[in-house]
Every structure is written in structure tokens, then in C-alpha cells.
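The values are calculated or read from the model by the stated rules, or taken from the named source; none is laboratory data. The structure displayed is predicted, hence computed values, not measured ones. Cβ placement follows ideal geometry from the backbone for every residue including glycine, while neighbour counts extend to all protein chains displayed. Note: areas computed on protein heavy atoms with side chains; ligands, DNA, RNA excluded. Shrake-Rupley method; radii C 1.70, N 1.55, O 1.52, S 1.80 Å.
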Amino acid sequence: MPILEKLRQVVKEFENKKGEFSLVMLIPTEPTLIDSKFTLLISASWLDKENQRKGIELITNCLRRVLNDIEFSYIARVTIIHSSDKSVKAINSAFPVKNSIFRLANLNVFGVQIDEAILLESNRVDDSKYIAQNIHA
């Protein structure tokens, strides 16, 4: 799926500029449909410091630049979750994924049963090096 590779590109771009993500996960809005749209769940300590609306705008603007119109239409929603959220930490512990595409099935997180999902990033992030970079920049 070319869209996944383009999403990896978006992740890498933000990691180079802002810092790592704790979680980047795609969840189909209608898993039974072949052409389902996706909710893009994102968590990063650098996003925790942003206004929710501004954070979504940052991500969405980058997606619009990298994805074509058809690919972008598959992203139904972008949701930012605080990096200290219990479900984020649980996914990080159970499924450490870095720079990959990892498919999950039948899991219960965020109080919701998720039949399937695609993890692009899931890792505990020590953002102290990014804080230091920003202070000295």
C-alpha cells in the first residue's frame, strides 16, 4: 500500500524536525469494508505541548503536502492522544515498533475493541535530547 510508505515519510519528516512519536497508528473506520477510511492516531511528547487544534493542523498540512487527493481522502480523522495516556503506554509496552508497518488484530485499547490496526510507530520516547536541542537552538 503506497499510502503507508508516504505516511512513513511524514513520520520521518516530523521526527527530524520535532522529535519522535510515541504512537502512530491507523485504525479503519469500517474494518469490514475493503475501501475503509482510517483514523490516524498520533501521540508524541512534542505534540503534548501544542494546542490540540494546532497539532492536528500541523499533521494535516503535512499529509496534504505528501499525499495525493485520493490518498488523503482515506484519512477520515486525525486524533492526537497525550503521550502519557495509559493506552499509549500499554501499546508501547506490548508492541514496540520503530520505522515499520506492523498489522494488529483483535485488540482492546482506548476502551474500544479494535478488530484491526496498522502500527507505524510505537515506542517509549525519551524526549530529553529534543528538549536540550530546542533550548540550545
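Based on the alpha-carbon gyration tensor of region 31-94, what equivalent-ellipsoid semi-axes (square roots of 5 times the eigenvalues) come out, in whole Å, largest first? Mind dumping the intermediate values first?
Values: eigenvalues 104, 62, 13 Å².
Semi-axis lengths for region 31-94 are 23, 18, 8 Å.
Would you work out what percent of the accessible area of the chain, with all protein chains in place, is carbon or sulfur (probe 1.4 Å)?
Values: 4090 of 7910 Å².
Ligands and nucleic acids excluded, carbon and sulfur give 52 percent.
How long is the gain from S36 to N16 if the chain were fully straight, where each residue apart is worth 0.36 nm and the alpha carbon distance is subtracted? List each step's numbers first, then the result.
Details: separation 20, 0.36 × 20 = 7.20 nm, distance 3.04 nm.
Full extension from S36 to N16 adds 4.2 nm.
I want to verify a result. In a Gaussian network model of the chain, Cα cutoff 10 Å, which of these has the top mean-square fluctuation: K89, K98, K49?
With Cα springs under 10 Å in the chain, the top fluctuation among K89, K98, K49 is at K49.
Which order do D85, D69 take by accessible area at a 1.4 Å probe, largest first? Don't skip to the end; give the middle numbers.
Numbers: D85 55, D69 135 Å².
Ranking D85, D69 by accessible area, largest first, yields D69, D85.
Label D115 and S100 with points 7 Å out from Cα along Cα→Cβ: what is the distance between them in nm?
With each label placed 7 Å out from Cα toward Cβ, I get 2.5 nm.
Considering the dipole of the chain built from charges on the beta carbon (Lys and Arg +1, Asp and Glu -1) around the Cα centre, which of V78, N99, Q52 is farthest to its positive end?
Final value for the positive-end residue is Q52.
Using alpha-carbon pairs under 8 Å, 6+ residues apart, how would you state the relative contact order of the chain in percent?
Values: 214 pairs, mean separation 40.8, N = 137.
With pairs under 8 Å counted, the relative contact order is 30 percent.
Work out, step by step, the length gained on full extension between R77 and K54: first 0.36 nm times the residue separation, then minus their alpha carbon distance; give nm to one decimal.
On the way: separation 23, 0.36 × 23 = 8.28 nm, distance 1.45 nm.
Residue separation times 0.36 nm, minus the Cα-Cα distance, leaves 6.8 nm.
Not counting ligands, DNA or RNA, and with a 1.4 Å probe, what is R77's accessible surface area in Å² rounded to the nearest 10?
Taking all protein chains as shown, R77 has close to 130 Å².
Read phi for every residue in region 32-45 and hand back ³J(HN,Hα) as whole Hz from Karplus 6.51 cos²θ - 1.76 cosθ + 1.60, θ = phi - 60°, with x for Gly and Pro.
Coupling constants for region 32-45: 7, 8, 5, 9, 5, 7, 10, 9, 9, 8, 9, 9, 7, 4 Hz.
Report the Stokes-Einstein translational diffusion coefficient (µm² s⁻¹, integer) for region 1-49, Rh taken as the Kirkwood radius over Cα pairs, at 25 °C with viscosity 0.890 mPa s.
205
Under a Cβ-only charge scheme (Lys and Arg +1, Asp and Glu -1), can you give me the dipole magnitude of the chain about the Cα centre, in debye to the nearest 20?
Details: 18 positive and 17 negative charges, 68 e Å.
Computed charge dipole of the chain: roughly 320 debye.
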